[in-house]
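Bear in mind these aren't lab numbers, they're just calculated from the coordinates by the rules spelled out. Since we're looking at a predicted model, the values are computed, not measured. Cβ: placed from backbone, ideal geometry, glycine included. Neighbour counts: every protein chain shown.
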Amino acid sequence: MTKTFSRFALAIVRAGSLICMVLLLSGIGFAQKVVTARASIPFKFWAEGHEFQAGDYLFDNAVPGSASIHREGTNSAIGVSVILYAVPSDKEHPRVIFVRRDEKYFLVELWGVQDRHVVTAEFEHRGEVSEQQRQLPLTIVESHDE
C-alpha cells in the first residue's frame with residue numbers, strides 16, 4: 001500500500017508541476033498591449049444593459065476579454081465583455097462604433113490600431129455597416145505592453 005501511495009503522490013506532484021509550467025509559458029506567450037483611448041460621445045448610449053450619458057469617456061483593455069468604460073471626472077468604471085474578431089492587414093484609425101436600435105445607441109465595436117473587438121452581446125452583428133451606425137474617433141492616451 002505504501003508503494004502504491006508514493007507512486008500516486010509522485011504522479012500528483014508531476015501533474016502539478018506540468019500544469020504550473022504550462023501556465024507560466026502561456027503567460028509569456030500571451031503578453032498583450034494595453035491601450036487607453038479617449039472619445040467624446042455626444043449622445044446617451046447603452047452597453048450590456050448599462051446606460052451612459054453623453055460626455056468624454058476613457059476605454060481600456062487592461063483586463064483580457066473586456067473593455068473598461070470610464071467617464072472622465074468620475075471614479076467608477078464599467079467592464080464590458082469583448083471578443084477579438086479581426087486583425088486588419090493595415091493599421092486603422094481607432095474608433096468606437098454604435099448602432100441605433102429602438103431609439104437608443106448601443107456600443108457594438110471598439111477598433112484599435114491593429115485589432116477590432118466586438119461587444120460580446122453584439123457578436124452576431126460584428127462588421128455590419130448600416131445607416132443607423134455612428135463611428136466616433138478614439139484618441140490613444142496611453143499604450144504599453146503588459
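If I model a spin label as a point 7 Å beyond the Cα along the Cα-Cβ vector, how far apart are those points for residue 63 and residue 134 in nm?
Roughly 2.6 nm, to one decimal.
Which of the listed residues, 106, 118, 138, is farthest toward the dipole's positive end in the stretch 74-146, when Lys, Arg count +1 and Asp, Glu count -1 at the beta-carbon?
It is 106, whose Cα lies furthest towards the positive end.
So for the pair residue 54, residue 83, with labels modelled 7 Å out along Cα→Cβ, what separation do we get in nm?
It works out to 3.3 nm between the two label points.
Quick one: which of 68-78, 100-110 comes out on top by average Cβ neighbours within 10 Å, and what's the full order, highest first? Could the numbers behind the result be given before it?
Working: 68-78: 13.0, 100-110: 16.8.
Taking the mean over residues of other Cβ atoms within 10 Å, the ranking is 100-110, 68-78.
Using only the alpha-carbon atoms, what does the stretch 49-99 span along each of its principal axes? Please give whole angstrom values in decreasing order.
The principal-axis extents, from largest down, are 36, 21, 20 Å.
Which residues does a label at residue 44 reach in the stretch 71-114, if reach means a backbone N under 11 Å from a point 7 Å past the Cα toward the Cβ?
104-105
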